[in-house]
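Encoded as structure tokens, the structure appears first; notes follow it.
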Amino acid sequence: DGPDINQLEHIFSEYKPKLYITNSILNNPTSYNISSSIMYKVLNLLNKHNVYLLEDDVYSHLDNRSLRYATLDQFEKVFYVTGVSKVLGANWRVGFLCTPKHFLEPILRQKMLSNMSSTELTERTVYKIWIDSHYKKHIESMKIKLARKHTQLKLALNKIGIEYPEQSNMGIFIWINTELDTTKMAIEASKDNWVLAPGYLFSPNNTYSTYLRLNVTRTTDEFIQWLYQYRLDNMKG
């Protein structure tokens with residue numbers, strides 16, 4: 001339900017970072033949410049060690065009820081970022097940033113001077129979409145489709161002996177334990193034209209992992225059958 005607080009404090013003490021970047025709601029790759037109790041403890045550490053936090057909430061549109069760091073902190077130590085690329089389309093690279101007040105001017109200046117700015121036309125278009133009632137209907141439709149996909153995938157995984165992670169929320173991804181080395185699995189899958197996201201990709205040390213990230217919207221019956229056969233061929237005993 002969130003980071004290991006003791007380990008996080010050790011990192012803050014040992015390395016003295018300036019910024020902690022986290023994906024608190026519908027985490028990628030797990031679709032887990034951080035609990036409010038852990039959030040309070042993290043915020044206490046931020047103040048104790050004078051560290052800022054950037055809350056990457058790109059899936060905010062799919063879960064607007066869970067508590068955020070930004071809500072608790074009121075932008076004392078937290079930067080809050082979200083966007084629309086996950087719900088409107090990958091090419092819509094427009095978002096917004098909420099920041100502690102004393103960072104506002106330098107961030108605006110940097111945005112104007114850099115070439116990272118999106119066009120005003122695109123920004124105004126997204127703004128119009130955002131405030132339109134049809135946008136809310138679009139999001140609700142996405143949630144219904146995601147819930148249906150989760151239900152279907154849960155049944156499919158259970159049939160082939162893989163446990164669906166019950167702590168997952170209705171995000172785009174789920175994090176499953178295949179009980180096999182998913183790095184080797186990804187190599188074998190590529191030979192059959194499947195592109196996988198094995199667990200080591202999400203480890204800072206590229207460590208061995210039996211976990212696999214699945215995109216709920218793109219996992220087909222054909223892949224589930226491939227996964228079933230692969231496990232059948234490679235499971236010991």
Check: Any chance the range 125-144 includes a residue that's touching a residue at least 60 places away in the same chain (Cβ under 8 Å) and among the basic types (Lys, Arg)?
Finding: yes
Notebook entry, point to check: Does at least one position in the range 58-67 carry a residue that is closer than 23 Å to LEU26 by Cα, in the same structural domain as VAL216 (by TED's automatic domain parsing) and hydroxyl-bearing (Ser, Thr, Tyr)?
Noted result: no
Next item on the list: Determine the pairs where a residue that is over 17 Å from GLY83 (Cβ atoms) and touching a residue at least 12 places away in the same chain (Cβ under 8 Å), located within the range 49-70, has a partner that is in a loop (DSSP other than H, G, I, E, B) and of a type in the set (D, E, K, R) with Cβ atoms under 8 Å apart, the partner being 6 or more residues away or on another chain.
Entry: HIS49/LYS16; VAL51/LYS18; VAL51/LYS77; TYR52/LYS18; TYR52/LYS77; LEU53/LYS77
Margin query: For the range 209-236, which positions are free of Cβ contacts under 8 Å to residues at least 60 places away in the same chain, aliphatic (A, V, I, L, M) and surrounded by 14 or more Cβ atoms within 10 Å (Cβ to Cβ)?
Written below: LEU212
Check: Has the range 98-114 got at least one residue that is within 29 Å of LEU19 (Cα to Cα), of a type in the set (Ser, Thr, Tyr) and touching a His at 6+ places or on another chain (Cβ under 8 Å)?
Finding: no
Notebook entry, point to check: Looking at TYR80, is it among the aromatic types (Phe, Trp, Tyr), surrounded by 12 or more Cβ atoms within 10 Å (Cβ to Cβ) and touching a helix residue (DSSP H, G or I) at 6+ places or on another chain (Cβ under 8 Å)?
Noted result: yes
Note to self: Residue pairs, Cβ under 8 Å, 6 or more apart or interchain, first in the range 2-31 and farther than 27 Å from GLY83 by Cβ and not assigned by TED's automatic domain parsing to the domain that holds ASN169, second in a loop (DSSP other than H, G, I, E, B) and modelled with pLDDT of 95 or more. List them.
What the structure shows: ILE11/PRO17; PHE12/VAL51
Next item on the list: Search the range 1-25 for residues being of a type in the set (A, V, I, L, M) and modelled with pLDDT of 95 or more, and hand back the single one that is farthest from PRO165 (Cα to Cα).
Entry: LEU19
Checklist line | Flag for GLU163 being part of a loop (DSSP other than H, G, I, E, B), surrounded by 10 or more Cβ atoms within 10 Å (Cβ to Cβ) and of a type in the set (Asp, Glu) | finding: yes
Next item on the list: Could you list, in sequence order, all residues of the range 57-77 that are over 30 Å from HIS150 (Cβ atoms) and surrounded by fewer than 17 Cβ atoms within 10 Å (Cβ to Cβ)?
Entry: GLN74, PHE75, GLU76
Check: So, of the residues in the range 179-197 that are within 22 Å of LEU26 (Cβ to Cβ) and touching a strand residue (DSSP E or B) at 6+ places or on another chain (Cβ under 6 Å), which turns out to be surrounded by the fewest Cβ atoms within 10 Å (Cβ to Cβ)?
Finding: ALA197
Item checked: Entirely in the range 33-140, the helices (runs of 4 or more DSSP H) that have 1 or more residues that are at pLDDT 95 or above and either under 29 Å from GLN167 (Cβ atoms) or over 20 Å from the mean Cα position of the chain (by Cα) (or both) -> 36-49, 69-73
Note to self: Need the failing condition index for ARG148 against (1) assigned by TED's automatic domain parsing to the domain that holds TYR40; (2) at pLDDT 90 or above, just the number.
What the structure shows: (1)
Margin query: Restricting to the range 1-56, and then to whatever is surrounded by 14 or more Cβ atoms within 10 Å (Cβ to Cβ) and among the charged types (D, E, K, R), can you tell me which residue is farthest from ASP73 (Cα to Cα)?
Written below: GLU9
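The values are calculated or read from the model by the stated rules, or taken from the named source; none is laboratory data. Predicted model only: the values in this text are computed from it and were never measured. Ideal geometry is used to build each Cβ from the backbone, glycine not excepted, and the neighbour counts take in all protein chains shown.
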